[in-house]
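Colleague: Let me begin by handing over the structure; questions about it come next.
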Amino acid sequence: METTFAKCGAALFVSALCTAAGAGTIDTSAGRVQITEVAGGLSEPWGLAFLPDGRFLVTEREGALTLFAADGADPVPVQGVPPVLDRGQGGLLDVMIPRDFDRSRTVWLTYAKPGGRGAGTALGRGTLSGDGTELQDFTEVFAAPATRGGVHFGSRVVEALDGTLFLTLGERGQGANAQDVARPEGKVLHMYPDGNPVNPVDGWVPQAHSIGHRNPQGAALDADGALWLVEHGAQGGDEVNRVERGRNYGWPVIAYGINYNGDPLGIGTKADGMEQPVHYWDPSIAPSGLMIHSGAMFPDWRGDMFTGSLKFDYIARLDPDDGYAEERIAAPETARVRDVREGPDGAIWFLSVGQGAVYRMTPAD
């Protein structure tokens, strides 16, 4: 599909939606907001990351990485992306720009690395060339063993406040992996940028920080630097978790959902030594992407969580000060939201798989 960049009037990042009065605006708890298209023509957009100069990168699951410029210049396809297995839920997944990008020009990617008859979730980095056309010297830093099947790869990568990395891995459709401390699947990993583990837990696979995760497709830090996840349950039981070192988050021993055939999951909803979710959804919403807002552009939403619903086509806003009460932000543009990010100025950006586009949400004039 042809990738396009949208702009109109004097404002950057505004699509043809702004040519019609009232088009692309909806009411929210923070007032009326404008949703404007930034880029379109994308195929399964998965991850979004901002460069310090205002440009941004978007991954597409089939393996494309594209650099967009804030001035409306033509999008730049980035070469040097590693081979990926574009099958089922696998492919090119997350993208992350570290805080030292101005010095290092490092770009981090997660992806389904092909191997044998399957794939494993992998993490690697490359150096973005000066003209933005190439990821140079791409280096794999971590790769889970290749296994068959095309589901539950995860995967998000988050830079901690100290520059170390958190990587989320799904259990690849095999629930037992999440409780097997000798395997990386179904875990949150914590590592230095060279792949070495941070403060390993005795008896666990070296990089493992927490276990018992099903398929975490959203991860973010709060203002204090704590790591939060959203992860898919089965039929019901999607979760929000505050992740801490050495903790077991229960999958598949405890869960708030049921199997797809209607049978109970595990032993129930609670067990000694296993953590409870901070919030859960039943029925499932299929959450993907996670952002905790700073309040820069939306003061009323400071500290609130935003995640996309792949199943019900909305963005969920969760308010920690109100028992994680949910507001559903829904519009034609929110079809299968895969990622949600806060822009440099506090605007809310999101990727819509259903529309094949990048959107930006701002207060309406």
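Colleague: Beyond 40 Å, how much of the Cα-Cα pair distribution for the chain remains, as a whole percent? Don't jump to the answer; show the numbers that get you there.
Modeller: Working: 5929 of 66430 pairs.
The answer is 9 percent, as a whole percent.
Colleague: How large, in percent, is the carbon and sulfur part of the accessible surface of the stretch 257-336 at a probe radius of 1.4 Å?
Modeller: Values: 1860 of 3870 Å².
That fraction is 48 percent.
Colleague: Still on this model: If the elastic network links every pair of Cα atoms under 10 Å, which of Ala271, Ala286, Ala64 fluctuates the most in the Gaussian network model of the chain?
Modeller: It is Ala271.
Colleague: Who wins for biggest fluctuation among Ala330, Ala144, Ala73 in a Gaussian network model of the chain, springs between alpha carbons below 10 Å?
Modeller: Its mean-square fluctuation being the largest, the pick is Ala73.
Colleague: Under a Cβ-Cβ cut-off of 14 Å, what is the net charge of the residues other than Ala146 that fall near it, where Lys and Arg count +1 and Asp and Glu count -1?
Modeller: Values: positive: Arg87, Lys113, Arg117, Arg148, Arg172, Arg183; negative: Glu140, Glu185.
Overall, the nearby charge balance is +4.
Colleague: For the stretch 33-173, list log₁₀ I(q)/I(0) at each q in 0.14, 0.17 Å⁻¹, using the Debye formula over Cα point scatterers of equal strength and ignoring solvent, two decimals each.
Modeller: -0.63, -0.91
Colleague: Given a 1.4 Å probe and every protein chain left where it sits, what share in percent of the accessible area of the stretch 19-128 is carbon and sulfur? Walk me through the intermediate numbers first.
Modeller: Numbers: 1840 of 4010 Å².
C and S atoms contribute 46 percent here.
Colleague: First select every other residue whose beta carbon is under 14 angstrom from the beta carbon of Tyr192; then total the charges, Lys and Arg +1, Asp and Glu -1.
Modeller: Values: positive: Arg125; negative: Asp100, Glu159, Asp162, Asp194.
Taking every other residue near Tyr192 into account, the sum is -3.
Colleague: Distance in nm between label sites at Ile258 and Thr133, each 7 Å beyond Cα in the beta-carbon direction?
Modeller: Each label point is offset 7 Å from its Cα along the Cβ direction, giving 5.8 nm.
Colleague: Right, something else. When ligands, DNA and RNA are left out and all protein chains stay put, how many square angstrom of accessible area per residue does the chain have with a 1.4 Å probe? Each step should come with its number before you reach the end.
Modeller: Values: 14260 Å² over 365 residues.
Each residue of the chain exposes 39 Å² on average to a 1.4 Å probe.
Colleague: Pop a pseudo-label 7 angstrom from the Cα along the beta-carbon direction at both Ala226 and Ala73 and give the gap in nm to one decimal.
Modeller: So the two model labels end up 4.2 nm from each other.
Colleague: Using only protein heavy atoms and a 1.4 Å probe, report how much of Lys270 is accessible, in Å² to the nearest 10.
Modeller: The accessible area comes out at roughly 140 Å².
Colleague: Related question: In a shell of Cβ-Cβ distance under 10 Å around Ala296, excluding Ala296 itself, what net charge do Lys and Arg (+1) and Asp and Glu (-1) give? Present the calculation step by step, with values, prior to reporting the outcome.
Modeller: Numbers: positive: Arg302; negative: Glu342, Asp345.
Around Ala296, the surrounding residues sum to -1.
Colleague: Need the C-alpha centroid separation for the stretch 155-175 versus the stretch 323-365, integer Å.
Modeller: 22
Colleague: Carbon-plus-sulfur fraction of the accessible area of the stretch 140-250, 1.4 Å probe, in percent? Write down the numbers at each step before the final one.
Modeller: Working: 1670 of 3630 Å².
Summing carbon and sulfur atoms, their accessible area is 46 percent of the total for the stretch 140-250.
Colleague: Kindly identify the stretch 156-283 as rounded, prolate or oblate by the Cα gyration tensor criterion: order the square roots of the eigenvalues as a ≥ b ≥ c, call it rounded if a/c is under 1.5, otherwise compare a/b with b/c, prolate if a/b is larger, else oblate.
Modeller: On the way: a/c = 2.05, a/b = 1.57, b/c = 1.31.
Note, shape of the stretch 156-283 comes out prolate.
Colleague: Test of understanding: in a Gaussian network model of the chain with alpha carbons linked when under 10 Å, which of Pro193, Pro264, Pro277 would top the mean-square fluctuation ranking?
Modeller: Looking only at Pro193, Pro264, Pro277, the largest GNM fluctuation is found for Pro264.
Colleague: Sticking with this structure for a sec: Which parts of the stretch 197-211 would a label at Asp272 reach, counting a residue when its backbone N lies under 12 Å from a point 7 Å out along Cα-to-Cβ?
Modeller: Residues passing the 12 Å test: none.
The values are calculated or read from the model by the stated rules, or taken from the named source; none is laboratory data. Owing to the predicted nature of the structure, the values given are computational and were not obtained by experimental measurement. When we count neighbours, we look across all protein chains shown, and the Cβ atoms used for this are built from the backbone with ideal geometry, even at glycine. Accessible surface areas use protein heavy atoms only, side chains included; no ligands, DNA or RNA. Shrake-Rupley method; radii C 1.70, N 1.55, O 1.52, S 1.80 Å.
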